[in-house]
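The values are calculated or read from the model by the stated rules, or taken from the named source; none is laboratory data. It should be emphasised that the depicted structure is a prediction, and the values quoted were computed from it without experimental measurement. Neighbour counts run over all protein chains shown; Cβ positions are idealised from the backbone, glycine included. Protein only, heavy atoms only, side chains kept; ligands, DNA and RNA dropped before computing areas. Shrake-Rupley method; radii C 1.70, N 1.55, O 1.52, S 1.80 Å.
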Amino acid sequence: MTPHVSETAMAVRTSAPEKAQLTGKSESQAAQQIDWFSLVVIAPAVLILLGFLLLFFYGVFQSLTDLRLGRPIVRFVGFANYAALMNTADFWNNVRVTVTYALSAVLLQAFLGLAIAKLFASGVSLARWLRPIILLPLVLPPMSVALMWTTMMNPQSGVLNYLLSLVGLGPFAWISNPATALISVILIDVWTYTPFFALIIFAGLQGITDDIREAARINGAKGWSTFWRIELPLVAPYCLIAAVFRLIESFNQFDIIFGTTQGGPGNATAALSVQGYITAFQNMTFGRGAALMVVNWLIVLIGAFLTVKAWQAVRRRVN
């Protein structure tokens, strides 16, 4: 019995390393299979990203050339396009219009979106009716929105001037007057994208439990004080994260402006995106148009970076 037991123990001891080695090989093979599967899954996204990066850097290269339709030889001119732009008053007007449009639209949308979200969170009967309706502007194509508002803002036959006449107000020029055109397109943007802010902030308000509000009431906080000291700081990160997306879109806004005014009257609404399109595809100076879009990209990058930094600071303070 003893020799038989010892032989069995030796067989177990000798086979244990072999089993461990086989187990290690099978695990490594499984890991390799998972890695290959992951690569196959993310490959389309990587290819799309590389394609966008290639197009972006090609656009930057175009901005450093004198590329123009009908010119057979393209020369590398360095930063000559940028220097020529900065020496013109129209360029600085384009920058002013772009920044004014984006900041004004986003600030108004944040304020109105916060008010609408607070209304939704109040539970009144009006809020239940407005919740499905508030989404309608978001599902409309921006160019359709632009054409619709262009018709309504017509100085002679527009419905907006008709409604103003009912309360005794005279006809308003809207997008036909250089003094009011930028304000008009900002209002169109606010009408279209305020629901985006409202939905994001409403989601943040839903995350504030009744225990937090009850604790504030026990400590003597009234309705306005509870909103100002409790709810607003807690939803501020939601406001800023929505502002990041809307700032990026507003700095690049093309559809609403081009669909209503095409940058006019004069250059009153000539944002960088619209002016870049006109310069490249109407004036056929592709190098100069690419330079305008690179400047627009830099403004978007700076705006998004500052907003993300503000979001991080508010997030740390809330935590």
Worksheet item: Just for helices (runs of 4 or more DSSP H) wholly inside segment 222-302: which have at least 2 residues that are of a type in the set (A, V, I, L, M) and under 20 Å from the mean Cα position of the chain (by Cα)?
Response: 232-251, 255-260, 272-277
Fill in: Cross-chain or 6+ apart pairs with Cβ under 6 Å, segment 142-162 first and free of Cβ contacts under 8 Å to residues at least 24 places away in the same chain, then among the aliphatic types (A, V, I, L, M) and in a loop (DSSP other than H, G, I, E, B)
155/173; 160/153
Fill in: residue 298 being modelled with pLDDT of 95 or more and surrounded by fewer than 17 Cβ atoms within 10 Å (Cβ to Cβ)
yes
Worksheet item: What number of residues within segment 101-133 are within 19 Å of the chain's Cα centre (by Cα) and open to solvent by 50 Å² or more (accessible area, probe 1.4 Å)?
Response: 5
Worksheet, complete the sentence: residue 68 vs (1) open to solvent by less than 60 Å² (accessible area, probe 1.4 Å); (2) in contact (Cβ under 8 Å) with a residue 40 or more places away in the chain: all pass except (1)
Fill in: Restricting segment 226-254 to residues that are polar (S, T, N, Q) and in contact (Cβ under 8 Å) with a residue 40 or more places away in the chain, the residue that is nearest to residue 141 (Cα to Cα)
253
Worksheet item: What are the pairs, 6+ residues apart or on separate chains, where a residue within segment 199-220 that is at positive phi has its Cβ under 9 Å from a residue that is surrounded by fewer than 11 Cβ atoms within 10 Å (Cβ to Cβ) and part of a helix (DSSP H, G or I)?
Response: none
Worksheet, complete the sentence: A careful count of residues in segment 283-319 that are in contact (Cβ under 8 Å) with a residue 60 or more places away in the chain, farther than 23 Å from residue 65 by Cβ and polar (S, T, N, Q) gives 1
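Can you say whether residue 77 is of a type in the set (A, V, I, L, M, F, W, C), out of contact with any Lys or Arg (no Cβ under 9 Å at 6 or more places or on another chain), under 20 Å from residue 265 (Cα atoms) and surrounded by 13 or more Cβ atoms within 10 Å (Cβ to Cβ), as far as the supplied structure shows?
Criteria not met by residue 77.
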Discussion item. Considering only residues that are in contact (Cβ under 8 Å) with a residue 24 or more places away in the chain and open to solvent by less than 20 Å² (accessible area, probe 1.4 Å), which ones fall in segment 261-273?
Written reply: 264, 268, 269, 270, 271, 272, 273
Practice prompt. Within segment 248-260, work out how many residues are closer than 14 Å to residue 277 by Cα and either open to solvent by 40 Å² or more (accessible area, probe 1.4 Å) or of a type in the set (Ser, Thr, Tyr) (or both).
Written response: 3
Worksheet item: From the residues in segment 139-157 that are open to solvent by 80 Å² or more (accessible area, probe 1.4 Å) and of a type in the set (Val, Ile, Thr), which one is nearest to residue 260 (Cα to Cα)?
Response: 151
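Hey, can you tell me all the residues within segment 163-178 that are in contact (Cβ under 8 Å) with a residue 24 or more places away in the chain and either surrounded by fewer than 16 Cβ atoms within 10 Å (Cβ to Cβ) or under 27 Å from residue 120 (Cβ atoms) (or both)?
Passing the criteria: 177, 178.
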Worksheet entry | Residue selected from segment 74-128 under the condition part of a helix (DSSP H, G or I) and charged (D, E, K, R), by the criterion farthest from residue 249 (Cα to Cα) | 128
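Please go through segment 204-214 and give me each residue that is out of contact with any Phe, Trp or Tyr (no Cβ under 7 Å at 6 or more places or on another chain) and surrounded by 13 or more Cβ atoms within 10 Å (Cβ to Cβ), ordered by number.
Once the filter is applied, which keeps residues that are out of contact with any Phe, Trp or Tyr (no Cβ under 7 Å at 6 or more places or on another chain) and surrounded by 13 or more Cβ atoms within 10 Å (Cβ to Cβ), segment 204-214 yields 205, 208, 212, 213.
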Worksheet item: In the set 160, 136, which member is within 29 Å of residue 180 (Cα to Cα), open to solvent by less than 40 Å² (accessible area, probe 1.4 Å) and touching a helix residue (DSSP H, G or I) at 6+ places or on another chain (Cβ under 9 Å)?
Response: 160
